[in-house]
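Each reported figure results from applying straightforward, stated rules to the coordinates on display, with no laboratory input. If you're wondering where the values come from, they're calculated on a predicted model, not measured in any experiment. Every residue, glycine as well, gets a Cβ built from its backbone with ideal geometry; the counts of neighbours run over all protein chains shown.
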Ligand SMILES: [Zn+2]
């Protein structure tokens with residue numbers, strides 16, 4: 001198969017798994033990680049089932065790939081997902097070292113069903129003091145926040 005045919009194959013698999021997940025009453029998202037043409041991790045959104053708000057399909061696929069490969073370093077792997085990753089999942093993808101990914105439905109297209117990812121991308125582009133979630137540095141004068149980095 002050509003690269004384009006492989007991409008279509010993996011994306012179609014994500015869409016099928018996402019539809020199956022939705023049919024089971026879960027959120028309609030699925031993702032997988034592929035390395036050298038081999039499926040090394042796969043996941044579906046399990047937030048409703050687990051009450052784990054980080055249970056997005058991309059997170060589960062990354063966890064499965066890391067477990068399968070025995071490393072959290074996933075450079076050289078490729079991520080496929082039914083929808084463009086939300087900012088949380090994109091952050092996890094950056095932590096993994098993956099540098100290539102493909103999605104079926106864009107964040108803008110997904111907004112017709114759920115506009116939170118689109119809102120978050122816009123929000124994160126704002127200065128910290130302009131965001132809806134208030135995050136303020138609050139280090140006491142007698143605490144060295146760099147100390148944990150020097151231990152070990
Ligand atoms: Zn996500």
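One table, with the values for the structure above:
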{"item": "Percent RCO, i.e. relative contact order, over the stretch 25-152, from Cα pairs under 8 Å lying at least 6 residues apart", "result": "18 percent"}
{"item": "Nearest-ten-degree value, helix 57-69 long axis tilted from longest Cα axis of the chain", "result": "80 degrees"}
{"item": "Where labels lie 7 Å past Cα in the beta-carbon direction, separation of residue 123 and residue 2 in nm", "result": "4.1 nm"}
{"item": "Segments 9-18, 109-118, 62-71 sorted - mean Cβ within 10 Å per residue, highest first", "result": "9-18, 62-71, 109-118"}
{"item": "Convex hull of Cα atoms in the stretch 29-69, direction-averaged projection (nm²)", "result": "2.6 nm²"}
{"item": "Residue-averaged 222 nm ellipticity for the chain, from DSSP H runs of 4+ at -39500 (n - 2.57), nearest 500", "result": "-12000 deg cm²/dmol"}
{"item": "Counting all C-alpha pairs of the chain, share separated by more than 18 Å (%)", "result": "63 percent"}
{"item": "Antiparallel bridges, percent of DSSP beta bridges restricted to the chain (to nearest 5)", "result": "70 percent"}
{"item": "Stretch gain in nm, segment residue 67-residue 114, where the contour uses 0.36 nm per residue and the Cα spacing is subtracted", "result": "13.9 nm"}
{"item": "Between 0 and 90°, nearest 10: helix 87-96 axis offset from the chain longest Cα axis", "result": "90 degrees"}
{"item": "Distance in nm between pseudo-label sites at residue 48 and residue 151 (7 Å out along the Cβ direction from Cα)", "result": "4.1 nm"}
